[in-house]
Amino acid sequence: MREFPQTYEQEALWIADRFLGEPSPFLETWAQRILGPLDVPALERALAALVARHAVLRSGFDLGDDGPVQRVDPAGTVPLERLPWPGGELYPTLRRAGQRPLDLTVSPARFTLYDRAPDEHVLLLQIHHVAVDDASLVLLDRELSALYTEETGGAPAGLEPPALLLGEHAVRARAAGIAPADLAFWADFLAGARALTRLPPRPRPLAARRGSACDTVRTTVPAELGEAVRAAARALRTTPHVLMSTCTAVTAAAVNGEDVVIGTPVSRRGEPDLDGVFGCLTDLLPVRYRVPADADFAEVCAAAKRRSLDVLRHRNVPYARLGGGVGRTRGVLSGEHLSRICLVLDQSPSRLELPGLRCERVHVGGAAAKFDWLQYVVADGGGWDVRADYALDFFTADEAALVLRQWRTALAAAAADPGVPVRDLFDRLAATA
């Protein structure tokens with residue numbers, strides 16, 4: 001058994017998890033509906049090979065003599081439990097399964113294969129965020145596809161072993177420390193920043209703290225609007241993510257005033273030897289937007305681009321060090337949490353490709369609310385699939401659906417005319433039913 005310190009990202013999640021009840025807001029799910037004659041023994045062998053490749057899946061997380069640690073078991077496994085389909089519709093059934101607790105001292109992951117119908121299975125990976133990020137799920141799709149292909153008599157997987165262990169990266173990162181210039185940037189960037197006191201879609205009283213219960217609301221950005229968004233981003237010399245995030249900031253500013261903070265994910269990969277490492281190397285950092293009513297959207301978006309680039313240049317400061325992490329006053333259940341609203345954009349979603357089978361990703365939704373509003377925008381052809389996990393204490397189902405309609409209203413207006421005045425956008429949001 002090898003012991004390493006936890007990474008900064010893991011440590012913040014692990015500590016926060018100890019303050020919170022069940023289900024943990026940091027439980028993640030990856031689910032695939034598999035249609036066709038699945039070779040279950042081959043899948044078991046492929047999953048075992050995947051676990052053998054990635055140490056974090058064989059690690060326990062606990063408190064050591066010098067702080068939080070991860071202990072890698074060289075012979076550890078993540079068994080595949082095979083169950084009959086318990087009945088019920090796909091999304092709610094998988095969501096309940098994804099809420100089952102995990103004992104992090106033993107393993108951060110659980111694989112379950114459901115027999116749903118003849119030639120129809122559902123494969124569910126339930127995994128704690130200490131052991132996964134979006135880049136890890138891309139690795140999962142690619143490597144499991146290759147390993148299953150090999151196990152069923154196809155081409156050899158040909159996968160190079162990861163260049164280092166996540167624990168080795170933790171040792172390296174802690175030895176390097178945090179640059180004083182990065183800390184100074186964040187102290188200046190967030191000086192005077194306040195958590196949102198109101199949440200869209202309209203001003204209304206909100207409790208100081210909330211429970212963890214959440215639900216999911218969904219919509220789409222059709223291909224025609226998607227192309228208009230990309231064209232507007234090119235005209236503004238920015239990215240669709242910045243444009244969409246600015247629209248999110250507009251919906252927040254409409255009920256809060258011009259100074260708003262929106263959370264955005266940042267990756268701390270970038271080193272070549274981290275490309276093949278499975279684990280949590282992503283954090284969610286606050287970006288501060290100025291959305292004055294007398295500006296136009298293009299001006300607000302240009303400023304957002306500059307601030308986003310500044311955040312990326314100084315991304316190596318853990319969110320917990322910014323006062324937005326795990327404390328009582330700014331914990332994830334608190335109205336003082338800086339990043340109450342977050343937007344995640346996935347421009348290049350990966351796919352599980354198993355020979356002779358059709359695989360469909362099932363986006364289950366969070367086990368519990370990480371943030372008050374966590375919106376995912378996933379590329380789908382020329383458009384995007386959009387879903388948001390929202391805290392039930394702060395949104396009704398109708399209010400959550402209205403937030404997405406307001407966001408799409410702002411997105412369509414900005415795509416049609418990037419010079420649209422912010423004041424006009426506020427009026428359109430207020431009129432959105």
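The values are calculated or read from the model by the stated rules, or taken from the named source; none is laboratory data. Quantities reported herein were computed from a predicted structural model and do not represent experimental measurements. Don't worry about glycine lacking a Cβ; one is built from the backbone with ideal geometry, like all the others, and counts go over all protein chains shown. Calculation scope for accessible area: heavy atoms of the full protein, side chains included, ligands and nucleic acids excluded. Shrake-Rupley method; radii C 1.70, N 1.55, O 1.52, S 1.80 Å.
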Quiz prompt | Radius of gyration and maximum dimension Dmax of the range 70-192, Cα, Å | solution = 19.8, 61
Quiz item: Can you list the residues of the range 379-394 with backbone N under 11 Å from a point 7 Å past the Cα of residue 134, pointing along Cα to Cβ?
Solution: 379
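Where does the charge balance sit around residue 165 when Lys and Arg score +1, Asp and Glu -1, over other residues with C-beta under 13 Å from its C-beta? Kindly include the intermediate steps, with their values, before the conclusion.
On the way: positive: 2, 53, 58, 71, 172; negative: 3, 73, 168, 273.
In short, +1.
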Practice problem: Please go through the range 192-271 and write out the trypsin sites (Lys or Arg not before Pro) that DSSP classes as loop and that have at most 13 other C-beta atoms within 10 Å. | Solution: 194, 237
Exercise. Would you look at the GNM of the chain, springs on alpha carbons closer than 10 Å, and say which of 193, 293, 401 moves the most?
Key: 193
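According to the Cα gyration tensor, what semi-axes, each the square root of 5 times an eigenvalue, does the equivalent ellipsoid of the range 191-300 have, listed from largest to smallest in whole Å? Write down the numbers at each step before the final one.
Working: eigenvalues 134, 103, 55 Å².
Taking √(5λ) for each Cα gyration eigenvalue gives 26, 23, 17 Å.
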Quiz item: Residue by residue through the range 363-376, which ³J(HN,Hα) values in whole Hz follow from phi under the Karplus form 6.51 cos²θ - 1.76 cosθ + 1.60 (θ = phi - 60°), with glycine and proline marked x?
Solution: 7, 7, x, x, 5, 8, 6, 6, 9, 5, 9, 10, 10, 10
Quiz item: In what order, largest first, do 246, 152 sit by accessible area if the probe radius is 1.4 Å?
Solution: 152, 246
Quiz item: Between residue 198 and residue 306, what is the FRET efficiency for a Förster distance of 25 Å, r being their Cβ-Cβ separation, to the nearest 0.05?
Solution: 0.45
Quiz prompt | Calculated [θ] (222 nm, deg cm²/dmol) that DSSP helices of n ≥ 4 give over the chain, each run adding -39,500 (n - 2.57) | solution = -11000 deg cm²/dmol
Exercise. On a 0 to 90° scale, report how tilted helix 422-431 is relative to the longest principal axis of the chain, with both axes built from alpha carbons and the result rounded to the nearest 10.
Key: 70
Quiz item: Using a 1.4 angstrom probe with every protein chain in place, what is the largest-first accessible-area order of 305, 370?
Solution: 305, 370
Quiz item: Which Rg and Dmax, in Å, describe the Cα atoms of the range 1-150?
Solution: 15.9, 52
Practice problem: Apply the Karplus parameterisation 6.51 cos²θ - 1.76 cosθ + 1.60, with θ equal to phi minus 60°, to every residue of the range 25-35 and state each ³J(HN,Hα) to the nearest whole Hz, in sequence, with x for glycine and proline. | Solution: x, 9, 7, 10, 10, 10, 10, 10, 8, 10, 10
Quiz item: Given springs between every Cα pair under 10 Å in a Gaussian network model of the chain, which of 145, 245, 107 has the largest fluctuation?
Solution: 145
Exercise. Kindly express, to the nearest 10 degrees and within the range 0 to 90, the angle between helix 166-176's C-alpha long axis and the longest C-alpha principal axis of the chain.
Key: 50
Quiz item: In nm, to one decimal, how far is the residue 423 label point from the residue 120 one, both placed 7 Å along Cα→Cβ?
Solution: 5.6
Self-check item: Point-to-point label distance, residue 208-residue 62, nm (Cα→Cβ direction, 7 Å offset)
Solution: 3.8
Quiz item: Quick one: length gained pulling residue 230 to residue 269 fully straight, 0.36 nm per residue minus the C-alpha distance?
Solution: 11.4 nm
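Please compute the net charge surrounding residue 382, taking Lys and Arg as +1 and Asp and Glu as -1 over other residues with Cβ under 14 Å from its Cβ. Write out the running numbers ahead of the final one.
Numbers: positive: 230; negative: 224, 227, 380, 385.
Here the charged neighbours net out to -3.
Take the solvent-accessible surface of the protein heavy atoms, probe 1.4 Å, and return the percent of it on the range 14-71 that carbon and sulfur atoms account for. Can you show the working numbers first?
Numbers: 1080 of 2200 Å².
In the range 14-71, the share of accessible area belonging to carbon and sulfur is 49 percent.
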Exercise. Report residue 77's accessible area, 1.4 Å probe, all protein chains in place, as a number in Å² to the nearest 10.
Key: 100
Quiz item: Between residue 2 and residue 380, what length comes free when the chain is fully extended (0.36 nm per residue of separation minus the Cα-Cα distance, one decimal in nm)?
Solution: 131.9 nm
Quiz prompt | Difference of contour (0.36 nm per residue) and Cα-Cα distance, residue 75 to residue 176 | solution = 33.3 nm
Self-check item: Rounded, prolate or oblate (a/c below 1.5 giving rounded, otherwise prolate when a/b exceeds b/c) for the range 48-109 by Cα gyration tensor
Solution: oblate
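Given a 1.4 angstrom probe, what's the average accessible area per residue across the range 369-418, in square angstrom? Numbers along the way, then the final one.
Numbers: 1540 Å² over 50 residues.
Dividing the accessible area of the range 369-418 by its residue count gives 31 Å².
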